[in-house]
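Read the structure below first, then the notes.
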């Protein structure tokens, strides 16, 4: 039963994700009362995802230092500046610009493991990127936000760092320690139920946080359409840039696929938490909508890579 439900959710993720957003908007008055659960749900997701990682994954850095550093620079410098520039050019609204910056300044997505695996990519490199980027998130995200918007909006950097440590670093380390201690037995025995719980946590995060942006999405207007359109364009451009760069600098098809999915996917859920916690609710609009296209675009670029 658990396996069937898990497979059903995995297959219908592109539909269930926007459906969760719609439900959250419709239940605006209810969702707001459960915002305190969001960091807990995210920490749970991070812990479950980290059960696939081991500390030895960091050792891959010795083999691919330039690749890993370049991907981190792409994730936290190039794409945030690109998204912020586009938003500043199109919208006369600094809150939306901050939202677009935040939507791509988050760490690489853990679900990139799935796409790297089915694309026959370099899985050890993928795991090393996820682990290193995740552990560096409490440093990289505040620095990126402060350098770009620090003078415009007061950002409680210390609180942000502590929240990132609580939501990402500590659950990751705990998950890795459990995986090392059990030699992968916990993930092997409870992998499918835990995967189901992780997906349900994600839907919960989307629904609860969608209530925060409800006032801005209940009325369909030009601005809303422009935000969704630019979110899609930024996501497509991220995959496209990473595909072009991978073809230029890496000969190995496995390394190319790894670069594309690690650079193209984001841990958007953490961006939603940060947006709703530290900024006015409008900032969360581009971040939440980013969840709509990520898996769909991953499947599209998977087909492109195969060809």
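Conditions tested, residue by residue: (1) touching a helix residue (DSSP H, G or I) at 6+ places or on another chain (Cβ under 9 Å); (2) under 19 Å from residue 276 (Cβ atoms); (3) buried (at least 16 other Cβ atoms within 10 Å of the Cβ).
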residue	(1), (2), (3)
13	yes, no, yes
20	yes, yes, yes
24	yes, yes, yes
37	yes, yes, no
43	yes, yes, yes
47	yes, no, yes
59	yes, no, no
64	yes, no, yes
81	yes, no, yes
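Of the numbered criteria (1) buried (at least 23 other Cβ atoms within 10 Å of the Cβ); (2) under 26 Å from residue 190 (Cα atoms), the one residue 55 fails is (1).
Against the list (1) closer than 18 Å to residue 284 by Cβ; (2) surrounded by fewer than 17 Cβ atoms within 10 Å (Cβ to Cβ); (3) in contact (Cβ under 8 Å) with a residue 60 or more places away in the chain, the condition residue 225 fails is (3).
Quick one: is residue 74 closer than 21 Å to residue 301 by Cβ, touching a residue at least 60 places away in the same chain (Cβ under 8 Å) and either touching a helix residue (DSSP H, G or I) at 6+ places or on another chain (Cβ under 7 Å) or surrounded by fewer than 24 Cβ atoms within 10 Å (Cβ to Cβ) (or both)? Yes.
Yes/no per residue for (1) touching a residue at least 40 places away in the same chain (Cβ under 8 Å); (2) under 22 Å from residue 12 (Cα atoms); (3) crowded, with 19+ Cβ neighbours inside 10 Å; (4) within 15 Å of the chain's Cα centre (by Cα):
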| residue | (1), (2), (3), (4) |
| --- | --- |
| 242 | yes, no, yes, no |
| 263 | yes, no, yes, yes |
| 267 | yes, yes, yes, yes |
| 271 | yes, no, yes, yes |
| 284 | yes, no, yes, yes |
| 297 | yes, yes, yes, yes |
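With respect to the conditions (1) farther than 22 Å from residue 280 by Cα; (2) at pLDDT below 90, residue 75 falls short on a single one, namely (2).
Against the numbered list (1) at pLDDT 90 or above; (2) surrounded by fewer than 24 Cβ atoms within 10 Å (Cβ to Cβ); (3) closer than 25 Å to residue 205 by Cβ; (4) under 18 Å from the mean Cα position of the chain (by Cα), residue 277 comes up short only at (1). With a requirement of 3 or more residues that are over 25 Å from residue 75 (Cα atoms), at pLDDT below 80 and touching a strand residue (DSSP E or B) at 6+ places or on another chain (Cβ under 6 Å), none of the helices (runs of 4 or more DSSP H) lying completely within the range 117-207 satisfies it. Name every residue in the range 102-126 that is under 19 Å from residue 294 (Cα atoms), over 13 Å from the mean Cα position of the chain (by Cα) and in contact (Cβ under 8 Å) with a residue 12 or more places away in the chain, in order of residue number. 115, 116, 118, 119, 121, 126, listed by residue number.
The values are calculated or read from the model by the stated rules, or taken from the named source; none is laboratory data. Just so it is clear, the structure is predicted and the values come from calculations on it, not from any experiment. A quick note on method: Cβ atoms are made from the backbone with ideal geometry, for glycine too, and the neighbour counts reach across all protein chains shown.
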